[in-house]
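The values are calculated or read from the model by the stated rules, or taken from the named source; none is laboratory data. None of the values given here were measured: they were computed from a predicted structure. All Cβ positions, even for glycine, are placed from backbone atoms using ideal geometry, and neighbour counts span all protein chains on display. Each accessible area value is taken on the protein alone, full model and side chains, heavy atoms only, with ligands, DNA and RNA left out. Shrake-Rupley method; radii C 1.70, N 1.55, O 1.52, S 1.80 Å.
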Amino acid sequence: MRQVLPTHDCNAYYMPHHAVLKPESVTTKLRVVFNASSPSSNGTSLNDILHAGPVLKSDLTNQILKWRYFRYVFSADIEKMYRQIWVDPKHTPFQRILFRNNRGEIRDFKLKTVTFGVNCAPFLVIRVLQQLAADVELSHPKASNIIRNFMYVDDVLAGADSTEEAQLMVQELRDAPNSAGFPLRKWTSNQKEVLAAIQSDHFLNTDFFEIDAESTAKNLGIRWKATSDEFIFVPPELAVEMSFTKRQVLSQIAKLFDPAGWLASFIVRAKIFMQEIWLQELGWDENIPNELFQRWLNFLRSYSVLEQIRIPRWLSFHPEFKVEHHGLCDASQKAYGAAINVRVEVGGLIMVQLLTAKTRVAPVKTVSLLRLELSGALLLSEMATAIISQMPTINSELYCWMDSTIMLAWLSKPACQ
């Protein structure tokens, strides 16, 4: 990575920092957050003079969806990944902080490792992992493949079609990163035998497989129950007030996290409601009208239903089974959407499960339903292009469906029309 370094006194560059407490964290409950965007005495910050580097991070949704194709899965993450990577000593003077010791004295320190908060840090850590994958490709091919294709920053989501293969992957993945100073911790799996070589204190929880209540892991923001091997949803805590401002409602909607789109039909209602609030042209701290307030209360009461939703993690896929992907799209005057299902056939038995879905709110300006149907078809084609080729399936067929014969006629015409 090319860095533009200042020629003047680097002692002027300091990073503010503060502690963040995360009680829900299993390992690191207290984290230090650094701000490299704070201007120094010369008016610029460290981030102002650094190139962020290209985006190397994998797609979050694809990592979650790929995990669903393996019968036996495991997950882990690299312990304190940023702090395991040294920065070239000639650059550490630019990572300076002031810190008061236990005697009350203010001291000047240089941070010697890659620091979260510096704009190029994400590029640096992922580039180091990519280099590790290349370095161990011959000695640990399974680990190399996982590092390249089944990691999201410091999180591993991988699996296999047999426990034996999964065990070999875990063994390699434990050895290769360790050799580079990247210890993996918080291991989980849907099969106890997969983690037979991992010491129990490196599990997410030492009694992870013994107590059902403790068998829930949070992987990439998605809650997964290992004992039943299914994804579950824990609705965000939303206080019911006597009135709501525009700011409060939009803040509550933002708490709905659903990267794979499994709650798309629920969340689209919130998106439509958000659009209606914007049309009111309210100030951020103005209360929403009573009619909208009552509708929002009803929507909040429906949150509890999310606790009842269960999404099977495994799609019943196996490389020897016949598998098809079926995409569907549709539209209404308020929104349009698309979904991709996985159809697996084995021994005359057919299983169909939702892989992913996505919805979008219709434009405020009135458009014809046919135009929205076309937007739905476009959304489906974009989803299929971005997702299907990334899934661990070979020779699977893709079928796309819609219920508008007029739209099908449109789509069959030459693209120039």
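Taken over the range 58-93, the criterion of being modelled with pLDDT under 95, over 21 Å from residue 153 (Cα atoms) and not in a loop (DSSP other than H, G, I, E, B) is satisfied by 92, 93. Against the definition (loosely packed, with under 15 Cβ neighbours inside 10 Å, out of contact with any Cys (no Cβ under 9 Å at 6 or more places or on another chain), small (Gly, Ala, Ser) and within 25 Å of residue 328 (Cβ to Cβ)), how does residue 251 come out, yes or no? No: the conditions fail for residue 251. Of all residues in the range 384-393, those satisfying the criterion of being out of contact with any strand residue (DSSP E or B) (no Cβ under 7 Å at 6 or more places or on another chain), of a type outside the set (A, V, I, L, M, F, W, C) and either open to solvent by less than 80 Å² (accessible area, probe 1.4 Å) or in contact (Cβ under 8 Å) with a residue 40 or more places away in the chain (or both) are 390, 392. Report every pair of residues separated by at least 6 positions or lying on different chains whose Cβ atoms are under 6 Å apart, first residue within the range 259-279 and at positive phi, second open to solvent by 30 Å² or more (accessible area, probe 1.4 Å). Between residues of the range 259-279 that are at positive phi and residues that are open to solvent by 30 Å² or more (accessible area, probe 1.4 Å), the close pairs are 261/358.
Can you name the residue in the range 57-91 that is of a type in the set (Lys, Arg) and under 24 Å from residue 124 (Cβ atoms) and is also most open to solvent (accessible area, probe 1.4 Å) among such residues?
In this case the residue turns out to be 83.
Within the range 92-123, the residues that satisfy the criterion of being farther than 18 Å from residue 33 by Cβ, open to solvent by 40 Å² or more (accessible area, probe 1.4 Å) and out of contact with any strand residue (DSSP E or B) (no Cβ under 8 Å at 6 or more places or on another chain) are 102, 103, 105. Of the residues in the range 39-57, at least one is under 30 Å from residue 203 (Cα atoms), in a loop (DSSP other than H, G, I, E, B) and modelled with pLDDT of 80 or more.
Residue-by-condition table, conditions (1) without any contact (Cβ under 8 Å) to a residue 24 or more places away in the chain; (2) open to solvent by 80 Å² or more (accessible area, probe 1.4 Å); (3) more than 30 Å from residue 317 (Cα to Cα):
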| residue | (1), (2), (3) |
| --- | --- |
| 367 | yes, no, yes |
| 382 | yes, yes, no |
| 404 | no, no, yes |
| 408 | yes, yes, yes |
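Close contacts from the range 130-152, counting a first residue that is over 17 Å from residue 392 (Cβ atoms) and a second that is open to solvent by 20 Å² or more (accessible area, probe 1.4 Å) and modelled with pLDDT under 95, with Cβ to Cβ under 6 Å and a gap of 6+ residues or different chains, come to 132/180.
Test residue 323 against the criterion of being farther than 17 Å from residue 354 by Cβ, outside any helix (DSSP H, G or I), of a type outside the set (D, E, K, R) and in contact (Cβ under 8 Å) with a residue 60 or more places away in the chain, and give yes or no. Against the criterion (farther than 17 Å from residue 354 by Cβ, outside any helix (DSSP H, G or I), of a type outside the set (D, E, K, R) and in contact (Cβ under 8 Å) with a residue 60 or more places away in the chain), residue 323 does not qualify.
Taking residue 295 as the residue in question, decide whether it is open to solvent by less than 20 Å² (accessible area, probe 1.4 Å) and modelled with pLDDT of 90 or more.
Values: open to solvent by less than 20 Å² (accessible area, probe 1.4 Å): no; modelled with pLDDT of 90 or more: yes.
Answer is no for this residue.
Going by what's in this entry, would residue 185 be described as outside any helix (DSSP H, G or I), open to solvent by 40 Å² or more (accessible area, probe 1.4 Å) and touching a strand residue (DSSP E or B) at 6+ places or on another chain (Cβ under 7 Å)? Answer is yes for this residue. Here's a check for you: in the range 124-156, which residue that is open to solvent by less than 10 Å² (accessible area, probe 1.4 Å) and under 24 Å from residue 190 (Cα atoms) is nearest to the chain's Cα centre (by Cα)? Out of the qualifying residues, it is 156.
How many residues does the range 243-260 hold that are outside any helix (DSSP H, G or I) and either closer than 26 Å to residue 340 by Cβ or modelled with pLDDT under 85 (or both)?
First pass over the range 243-260, keeping only residues outside any helix (DSSP H, G or I): 243-245, 255-260.
Those left that are additionally either closer than 26 Å to residue 340 by Cβ or modelled with pLDDT under 85 (or both): 243, 255-260.
Qualifying residue count for the region: 7.
Against the list (1) modelled with pLDDT of 90 or more; (2) of a type in the set (A, V, I, L, M); (3) over 25 Å from the mean Cα position of the chain (by Cα); (4) surrounded by fewer than 16 Cβ atoms within 10 Å (Cβ to Cβ), the condition residue 240 fails is (1).
Among all positions in the range 341-360, there is no residue which is more than 30 Å from residue 233 (Cα to Cα), touching a Pro at 6+ places or on another chain (Cβ under 9 Å) and in contact (Cβ under 8 Å) with a residue 24 or more places away in the chain.
Just give me the residues in the range 299-314 being under 30 Å from residue 391 (Cβ atoms) and outside any strand (DSSP E or B), in sequence order. Of everything in the range 299-314, those that are under 30 Å from residue 391 (Cβ atoms) and outside any strand (DSSP E or B) turn out to be 305, 306, 307, 308, 309, 313, 314.
Are any residues in the range 166-179 in contact (Cβ under 8 Å) with a residue 40 or more places away in the chain and open to solvent by 50 Å² or more (accessible area, probe 1.4 Å), and if so, which ones? The one that is in contact (Cβ under 8 Å) with a residue 40 or more places away in the chain and open to solvent by 50 Å² or more (accessible area, probe 1.4 Å): 179. Determine if the range 210-229 includes at least one residue that is assigned to a helix (DSSP H, G or I), of a type in the set (A, V, I, L, M, F, W, C), modelled with pLDDT of 90 or more and crowded, with 19+ Cβ neighbours inside 10 Å. Checking the range 210-229: not a single residue is assigned to a helix (DSSP H, G or I), of a type in the set (A, V, I, L, M, F, W, C), modelled with pLDDT of 90 or more and crowded, with 19+ Cβ neighbours inside 10 Å. Identify, from the list 207, 201, the residue that is modelled with pLDDT under 90, assigned to a loop (DSSP other than H, G, I, E, B) and over 24 Å from the mean Cα position of the chain (by Cα). Sole residue among the options that is modelled with pLDDT under 90, assigned to a loop (DSSP other than H, G, I, E, B) and over 24 Å from the mean Cα position of the chain (by Cα): 207.
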